[in-house]
Each structure stands twice: as structure tokens, then as C-alpha cells.
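Taking it in order: structure first as C-alpha cells, then the write-up.
Just so it is clear, none of the values below were taken in a lab; they were calculated from the coordinates. Since this is a predicted model, take the numbers as computed values, not measurements. Cβ: placed from backbone, ideal geometry, glycine included. Neighbour counts: every protein chain shown.
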Amino acid sequence: MGIGGDPVIGTTFKDLLPLFNEDPETEAVVLIGEIGGSDEEEAAAWVKENMKKPVVGFIGGRSAPKGKRMGHAGAIIMGNVGTPESKLKAFAEAGIPVADTIDEIVDLVKQALG
């Protein structure tokens, strides 16, 4: 599901993850985020405490230069929140493997499913 990257959105990862967690047809979740905002960090904390299914992640914009404002409001990094490093740390703490490239997502999902 696309939730958008603007500062004010109607749905968050935390809103959707419980639905996928309880859906009998969902085998795994791929959480694709981006730099800026705190939605991915909040989702990782929810996954750590609640998720029963494997989750694989990808964070777009990780190669953006530090201090560079990106192309839309949702990509604004505020202090230590929303940085690629903070998102990777949150995912690691939640046990979410993160693909370095889009191509790696499929292999990580296969590994997660055994």
C-alpha cells in the first residue's frame, strides 16, 4: 500500500501493519520507506513488539548527501530523526533485514520465508 511521504498523511505504517499481521493470506511484509520523518522508526518499534510475520525493509534516499534538502516536504530530516542511520538502527533493533538495493528485496523475502 502506498501511504505517501508528505508531512500530513491519512495512513501510517503503524495503521496498516496490524491489518497485514492478522491477514491469513499475508505471508510477509515489505516495508519500503524513505529518509525524513519518523514513520519508519515508529513502525519498527511496533514490529518489534507485535509482528508475527516476517518483515523486510528498504529505505530510499540513503545515499542523499547529509544536510541536503530533498525534493519534497516528507523527506526533511529533523535532527537525529528521519536520518538513514536512525531508520537502519530502528530496523536492526526490530530484527528487520534491510535491502541495500531494490533488487535485494526478493532475496531477503525468500530468506525470511525460509
Amide H proximity to G60 below 5 Å, modelled H, separation 5+ or other chain, gives G33, E34, I35
Subtracting the Cα-Cα distance of L16 and A92 from 0.36 nm times their residue separation yields 25.3 nm
Scalar couplings 3J(HN,Hα) for region 93-101 by Karplus 6.51 cos²θ - 1.76 cosθ + 1.60 (θ = phi - 60°), nearest whole Hz, x for Gly and Pro, are 5, 8, x, 9, x, 10, 6, 7, 9
How far, in nm, would the chain grow between K48 and D107 when pulled straight, counting 0.36 nm per residue and subtracting the alpha carbon separation?
-> 19.1 nm
Taking a cut-off of 19 Å between Cα atoms, list the lysines near K66, but don't count ones fewer than 8 places away on the same chain.
-> K87, K89
Tally Lys and Arg at +1 and Asp and Glu at -1 over the other residues with C-beta under 11 Å from the C-beta of K89: what net charge comes out?
-> -3
